[in-house]
Amino acid sequence: MTDQPPASYAGPQRVLSGVQPSGALHLGNYLGALVKFARLQHEQDTLIFVADLHAITVWQDPALLATQTREITAAYLAAGLDPAKATIFPQSAVTAHAELGWIFQCVARLGWLDRMTQFKEKSGKHKERSSVGLYTYPVLQAADVLVYRATHVPVGEDQKQHLELTRDIAAKFNHDFNRPGFFPLPEGLIEGPGARIMSLRDGSAKMSKSDPSDNSRINLTDDADMIAQKIRKAKTDPEPLPESLEDLKTRPEADNLVGIYGALAEMTKAQVLAEFGGKGFGTFKPALADLAVAKLAPISDRMRRLMADPAEIDRVLAAGAEKAREVAAPTLDEVKKIVGFWR
């Protein structure tokens, strides 16, 4: 990285994020991402995509990928995203992502990617069998953000390293081509409740759609009975809920359930403990189940109605892709001029 301080970016403020269509969305996705997306669309220019290019870094059933793309879109809409306010689109429909991604692969440095911990976690002991795309996808993530010159990116803790890579690539491009301030150095948005929801079976592991146990998560497609059942079966310990945040920190499963209640009720953990501290899970779990059903069952119902009308979902995606292409095209055209491509 250069020591030259980057010039500040003078363009508009813009939010961008996306979710892979590689499995059913769950409570963690809803509280950690979708709720924030729905709020941000009223505050800034917001682009939300379905990350189907990222999905194929590991094998996807081609017959299911388009269906899963529609399902993610249905979740966006059911959670409150409004196509009149937010641009909702499939990543693969905007070829500028891939074009800028290649240019950025020639800007990024091998050592930067070697430090990416998620590749090590996802590839496991047999990294030589992983796709090249799985190794380089953080560079495509940088292109996702910077092709729209997005200034803010809602990210989880596990994506902070990738956002730093995006900032490094932006700064190096600006420096190498003597274009200070051309790309912004995007900021992460990770604050607020629900940023990290843990498994219902293991309070030390993040809730995941890839967990083999369906009882580890509440899917956004679960009906009211299933939501309540999973809350009742959630792992806990035999002690009553503590009355202090300090004591809560030492009890991961209790901490997770209190955090879920707080995020759904828009309360702090301290406020939840003020109401339930000292009470047993026999009292707290039914209250949490009732709250989760009240908040999530309507979303599940809306998702099912939307999935029954794929033509409407396709209309939303097509319109969003057109809008996204219009935003991305000037940036990509200017990058090609800067790099020196024949035109």
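The values are calculated or read from the model by the stated rules, or taken from the named source; none is laboratory data. Fair warning: this is a prediction, and the values are worked out from it, not measured in the lab. Cβ coordinates were reconstructed from backbone atoms using ideal geometry, including for glycine residues, and neighbour counts include every protein chain displayed.
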Quick check: is even one residue across the range 71-84 crowded, with 21+ Cβ neighbours inside 10 Å, under 19 Å from residue 140 (Cα atoms) and touching a residue at least 24 places away in the same chain (Cβ under 8 Å)?
no
Quick one: is residue 230 basic (Lys, Arg) and not in a helix (DSSP H, G or I)?
no
Report whether or not residue 286 is of a type outside the set (A, V, I, L, M, F, W, C) and buried (at least 16 other Cβ atoms within 10 Å of the Cβ).
no
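With the condition kept exactly as written, say whether any residue in the range 231-244 is within 19 Å of residue 28 (Cα to Cα) and either among the polar types (S, T, N, Q) or not assigned by TED's automatic domain parsing to the domain that holds residue 274 (or both).
The initial filter retains those residues of the range 231-244 that are within 19 Å of residue 28 (Cα to Cα), namely 231-236.
Still in the running and either among the polar types (S, T, N, Q) or not assigned by TED's automatic domain parsing to the domain that holds residue 274 (or both): 236.
Looking for residues that are within 19 Å of residue 28 (Cα to Cα) and either among the polar types (S, T, N, Q) or not assigned by TED's automatic domain parsing to the domain that holds residue 274 (or both), one finds at least one in the range 231-244, hence yes.
When only residues in the range 115-153 that are under 23 Å from the mean Cα position of the chain (by Cα) and among the charged types (D, E, K, R) count, which is surrounded by the most Cβ atoms within 10 Å (Cβ to Cβ)?
Of all residues in the range 115-153, those under 23 Å from the mean Cα position of the chain (by Cα) come to 115-124, 130-153.
Okay, now just the ones that are also among the charged types (D, E, K, R), so 115, 120-122, 144, 149.
Details: 115: 12, 120: 11, 121: 9, 122: 15, 144: 28, 149: 20.
Filtering the range 115-153 for residues that are under 23 Å from the mean Cα position of the chain (by Cα) and among the charged types (D, E, K, R), the one surrounded by the most Cβ atoms within 10 Å (Cβ to Cβ) comes out as 144.
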What number of residues within the range 94-114 satisfy the criterion of being crowded, with 19+ Cβ neighbours inside 10 Å and of a type in the set (Gly, Ala, Ser)?
3
Residues to consider are 19, 35, 50; find the one that is surrounded by 14 or more Cβ atoms within 10 Å (Cβ to Cβ), in the same structural domain as residue 169 (by TED's automatic domain parsing), in contact with a strand residue (DSSP E or B) (Cβ under 8 Å, 6 or more places away or on another chain) and at pLDDT below 95.
19
So which of 333, 301 is in a helix (DSSP H, G or I), surrounded by fewer than 20 Cβ atoms within 10 Å (Cβ to Cβ) and at pLDDT 95 or above?
333
Residue within the range 216-224 that is within 21 Å of residue 301 (Cβ to Cβ), outside the structural domain of residue 30 (by TED's automatic domain parsing) and in a helix (DSSP H, G or I) present:
yes
